[in-house]
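Colleague: My structure is below; once you've seen it, I'll send some questions.
What follows draws every value from the coordinates through simple rules; no lab data is involved. Being a predicted model, the structure only gives us computed values, none of them experimental. With ideal geometry, Cβ positions are generated from the backbone for all residues, glycine too; neighbour counts draw on all protein chains shown.
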Amino acid sequence: MTNKFISNKLFINFKVISYILKESFKISKEIFIMMLLLIICESIIPFINVILPKYIIDELMSLQRVDKITYLVLLITIANLVFRIIISYANKFLVNRNEVLVNHFTYIIGEKLMHVNYERLEDPDIQNLKEKALSGIHMSGGIVGIFSQLSKVISKAITIIGLVYIISIFNPMITLILLFSLIISTLLYKKSLKIKYKFWDDMIPSNRKFAYFMDLSTDFKYGKEIRLFEMQDLIIDRDIEFINENYNYMNSSNKASGLVTTTQKIVQQIQSSLVYLYIAYKAFYNSITIGEFTLYISVAFNFLSSANDLFQSISNINRICRYSEHFLQLSKIEIVMNETSQTIEEYNIFKHLDNIEIEFKNVYFKYPNSEKYSLYNFSLIVKRNECIAIVGENGAGKTTLIKLLLRLYKPNEGTILVNGMNINNIEFEDYIGLFSAVFQDYKLFAVTLQENINFIEEKEINENVSDVINKVGLSSTVENLPYSQITEIYKLFDKNGVELSGGEGQKLAIARAIYKKAKIIILDEPTASLDPYAEQEIYNKMRKLTKDKTSIFISHRLSSCKFADKIVVISNGKKIQEGTHEELLRIL
């Protein structure tokens, strides 16, 4: 079981390392040159410091030629100086490249999440995987840590092989002692590795909770609630609880791994003692020279040091791969949003659509891991340029209807049609171009006000954006901003940034929706937090702005929907009434 466990981990580590190396090569080929320099220099230095001192001591004990001694001393000094400068430079280069690689791998995560099927994006497992992947990029020395540790593993392995070869030429007995010690240390290391893997697995849930509550205490978005409701004690208590939980995990793990580590130290000490005793015995009976005595001692010391460094670097690589494995899993998630079975005929018909009619036909839908249907046998027809209002209580299925219409989810049963074509048979980019929307939880971004509308990076005022700003009644607000519509939203990156009020934010979101010039406009309760009069004002303005478009308004107030051509009332995912405002008042 243990061998299978280790084999699986080695296979996963190989895949992670291969992926990191491949992606890093795209960004900076120089990293691999520096890695090669590290391997060469770190492999050569031990041999210089092991072999050359033997010849210096032998020369001192025999002919004592000053020129040769001077030459050997200078060779050791200059070689160490040059190689250590190269090592220092290479390590600093890798550290500096870390930020570039971190940004690249963070970009990969962002790009993946922006294109992945929305249904999967809302999945808590995907969100957890995202957090683990982001943590893996920064933890354990960052992505670039794999390069320094991998180069160290290779160089130390070369050093150990070289030392064993050198000592086998002079004395096979010492070689046997060193190899026996290495085998025992390897077996103990495998045991230690299994303990560490279990520790990392056990720590993941606790670390996630701790990270969440630490974010609460440092994110300004939660500052008002924390102070208003005096949440400080709760958050601090939770932080202390998770710190103690982590301490208990670490304590139990340290006890188990400490026993293995102690055994390793004992084995290494026995190895050193046996080598020293054997060398002392040979020196006592004049079987070896003083130079050879120095060589054997140096080989034994460097072998022990290199073995420890090798195991430590392998452990570090395992830790980096452990965290980075989540990144690899996230990067392999398939993007299925754009898969369609659209024919050329359907494509040509869709491209020339003008009179658009939408039909929900016997649609059933329930969210993943839910037994309750959010929409049940739902049917509805929305005609060209019709203004329709969907009314219902919270949880009635209004927002779910919009998510299905926008192809963020697929119905479990039934179909949604556009002019008789199944929407899932239309290329997603073409289909989503039909729509513009203002969501209940609309988002503003930390870019300029203008970029929040047209999502184009511009330094000059765009007149088309100005026209939309004027239409939604935001002109007076924009005129008072430091840089007009080029002013940054929020103060995250610009101290002159602006914090818009709730009403101003809603107008900005509406301006964004209008600017797109889509054929179908959706308002999904963006006014839910407003009073009925303010809501009515927003809806009336939107109705005027969308008079030549198909529009769908979502609301939980029937009284706010007088302007609609048709009102559909839904409850528990079912359509229960349909008609004009006057017709529904007579019925209800």
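Colleague: What pairs from LYS209/LYS491; LYS132/LYS575; LYS29/LYS209; LYS54/LYS255 go past 31 Å between their alpha carbons? Write out the running numbers ahead of the final one.
Modeller: Numbers: LYS209/LYS491 29 Å; LYS132/LYS575 42 Å; LYS29/LYS209 38 Å; LYS54/LYS255 43 Å.
Beyond 31 Å: LYS132/LYS575; LYS29/LYS209; LYS54/LYS255.
Colleague: From the residues PHE428, ASN462, SER501, which one has its Cα farthest along the dipole of the stretch 377-504 in the positive direction, the dipole being from +1 and -1 charges on Cβ of Lys/Arg and Asp/Glu about the Cα centre?
Modeller: Value: PHE428.
Colleague: Expressed as a whole number of Å, what is the distance separating the alpha-carbon centroids of the stretch 9-82 and the stretch 253-285?
Modeller: Spelled out, the Cα-based centre of one part sits 26 Å from the other.
Colleague: Looking at the stretch 453-518, what % of the alpha carbon pairs are farther apart than 20 Å?
Modeller: Values: 443 of 2145 pairs.
I get 21 percent for the Cα pairs in the stretch 453-518 exceeding 20 Å.
Colleague: While we're here: Could you let me know the centre-to-centre spacing of the stretch 380-428 and the stretch 475-498, using Cα atoms, in angstrom?
Modeller: 37 Å
Colleague: With a point put 7 Å past each Cα toward its Cβ, work out how far ASN470 is from LYS383 in nm, to one decimal.
Modeller: 3.5 nm
Colleague: Over the chain, what is the mean sequence separation of C-alpha contacts under 8 Å (at least six apart), divided by residue count, expressed as relative contact order in percent? Show your work: numbers first, answer last.
Modeller: On the way: 742 pairs, mean separation 88.6, N = 588.
Computed value for the chain: 15 percent relative contact order.
Colleague: Rounding to the nearest 10 and keeping the result within 0 to 90°, find how far the Cα-based axis of helix 502-515 lies from the longest principal axis of the chain.
Modeller: Relative to the chain, helix 502-515 is tipped by roughly 80 degrees.
Colleague: Quote the charge dipole size of the stretch 2-331 about the Cα centre in Debye, to the nearest 20; the model charges only the Cβ of Lys and Arg (+1) and of Asp and Glu (-1). If you can, show how the numbers build up before the last one.
Modeller: Values: 34 positive and 27 negative charges, 183 e Å.
Here the size comes out at about 880 debye.
Colleague: If I take every Cα pair under 8 Å that is 6 or more residues apart in the stretch 2-331, average their sequence separation and divide by the length, what percent do I get for the relative contact order?
Modeller: Details: 283 pairs, mean separation 113.1, N = 330.
With pairs under 8 Å counted, the relative contact order is 34 percent.
Colleague: In addition: Given R₀ = 25 Å, FRET efficiency for LYS562-GLU225 by Cβ-Cβ distance, to 0.05?
Modeller: Working: r = 36 Å, r/R0 = 1.46.
Here the calculated transfer efficiency is 0.10.
Colleague: Using only Cα atoms and rounding to the nearest 10 degrees, what angle (0 to 90) does helix 232-284 make with the longest principal axis of the chain?
Modeller: Helix 232-284 sits roughly 20 degrees off the main axis of the chain.
Colleague: Okay, next question. How are the alpha carbon pair distances in the stretch 2-331 distributed across 10 Å bins from zero to the largest one, expressed in percent?
Modeller: Distribution as computed: 5, 19, 24, 23, 15, 8, 4, 1, 0 percent.
Colleague: Among MET173, ASN128, ALA256, whose Cα projects farthest towards the positive end of the dipole of the stretch 2-331, with charges put on the beta-carbon of Lys, Arg (+1) and Asp, Glu (-1)?
Modeller: Projecting each Cα onto the dipole axis, the largest value belongs to MET173.
Colleague: Okay, next question. Starting from the eigenvalues of the Cα gyration tensor, five times each then square-rooted, give me the equivalent ellipsoid semi-axes of the chain, largest first, whole Å. It would help to have the intermediate numbers written out before the result.
Modeller: Numbers: eigenvalues 958, 137, 106 Å².
Equivalent ellipsoid of the chain: 69, 26, 23 Å, largest first.
Colleague: Pulled fully out, how much extra length does the chain show between ASN96 and THR77, if you take 0.36 nm times their separation in residues and subtract their Cα-Cα distance?
Modeller: On the way: separation 19, 0.36 × 19 = 6.84 nm, distance 2.85 nm.
My answer for the length gained is 4.0 nm.
Colleague: Using only Cα atoms and rounding to the nearest 10 degrees, what angle (0 to 90) does helix 2-27 make with the longest principal axis of the chain?
Modeller: 70 degrees
Colleague: Could I ask something else about it? What 222 nm value per residue comes from the helices of the chain, counting each DSSP H run with n ≥ 4 as -39,500 (n - 2.57) and dividing by all residues, nearest 500 deg cm²/dmol? Write out the running numbers ahead of the final one.
Modeller: On the way: 19 runs with 376 residues, N = 588.
Helix contribution divided over all residues of the chain: -22000 deg cm²/dmol.
Colleague: Rounded to the nearest 20 debye, what is the charge dipole size of the stretch 383-457 about its Cα centre when +1 sits on each Lys and Arg Cβ and -1 on each Asp and Glu Cβ?
Modeller: Numbers: 7 positive and 9 negative charges, 55 e Å.
The dipole magnitude comes to about 260 debye.
Colleague: State to the nearest 20 debye the size of the charge dipole of the chain about its Cα centre, where the only charges are +1 on K and R beta carbons and -1 on D and E beta carbons. Present the calculation step by step, with values, prior to reporting the outcome.
Modeller: On the way: 66 positive and 63 negative charges, 378 e Å.
For the chain, the charge dipole is close to 1820 debye.
Colleague: What is the packing order of peptides 548-555, 469-476, taking the mean over residues of other C-beta atoms within 10 Å and listing the highest first? Please list the in-between numbers first.
Modeller: Details: 548-555: 21.9, 469-476: 17.5.
Highest mean packing first, the order is 548-555, 469-476.
Colleague: Under 14 Å from the Cβ of ASP58, count the other residues' Cβ atoms, weight Lys and Arg +1, Asp and Glu -1, and hand me the total.
Modeller: +1
Colleague: Let me ask another. Once you wrap a convex hull around the alpha carbon atoms of the stretch 95-135, what is its projected area averaged over all directions, in nm²?
Modeller: Numbers: hull surface 11.2 nm².
So the mean shadow area of the Cα hull is 2.8 nm².
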